[in-house]
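The values are calculated or read from the model by the stated rules, or taken from the named source; none is laboratory data. On a predicted model such as this, the values are computed, not experimentally measured, just so you know. Methodologically, a virtual Cβ is constructed for each residue, glycine included, from the backbone with ideal geometry; neighbour enumeration extends over all protein chains shown.
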């Protein structure tokens, strides 16, 4: 009888331990995500206040585990800098290389530090509304915004981390606008072309 009781106790313990470990991991991930989002907000505010040329405090840089803990499934609401930038990079550079992802991230960061654009990444991404004359085509194309390829999303989140930490070289030479090579928008002739990266062309206002 005692042997059966002991076996039942051991079986119950084996079932409970993985559950507790899973719950602890989930809590740890949530904490990492919250820390990363708060750091991103501070970095945003610093860039708006001081411009993009000031290096952030090392204690405020976003870590790799932190960035990956935010929106792991690519389905979270677009309500923080990390999710807004990562989702925008995912859709705007779909199927393109890391250099193109970094270039589009450069544009978002350049807009963030410009007086001519909104003061948060989410506002930069959503400028113009979800219907009509939006600034980023994926935001107003009428399609679902959730991520479909997890591996690609991991890559753009790492680019997002480096961008917010101001660890990316500006491949665009200060560009504020871009478009696909395959199209010729009317507005492009009024701006100075600064770079060609992958399938995209980049521009900034004429001096």
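Within the stretch 176-190, which residues are under 27 Å from the mean Cα position of the chain (by Cα), in contact (Cβ under 8 Å) with a residue 12 or more places away in the chain and surrounded by fewer than 16 Cβ atoms within 10 Å (Cβ to Cβ)?
The answer is 180, 181, 182, 188.
Out of 56, 72, report the one residue that is at pLDDT below 95 and over 12 Å from the mean Cα position of the chain (by Cα).
Going through 56, 72 in turn, just one is at pLDDT below 95 and over 12 Å from the mean Cα position of the chain (by Cα): 56.
Filter the helices (runs of 4 or more DSSP H) completely within the stretch 27-136 down to those with at least 2 residues that are over 25 Å from residue 180 (Cα atoms).
On the way: elements: 64-69, 81-92, 98-113, 121-126.
Passing ranges, in order: 64-69.
Out of curiosity, is residue 193 in contact with a strand residue (DSSP E or B) (Cβ under 9 Å, 6 or more places away or on another chain) and assigned to a strand (DSSP E or B)?
yes
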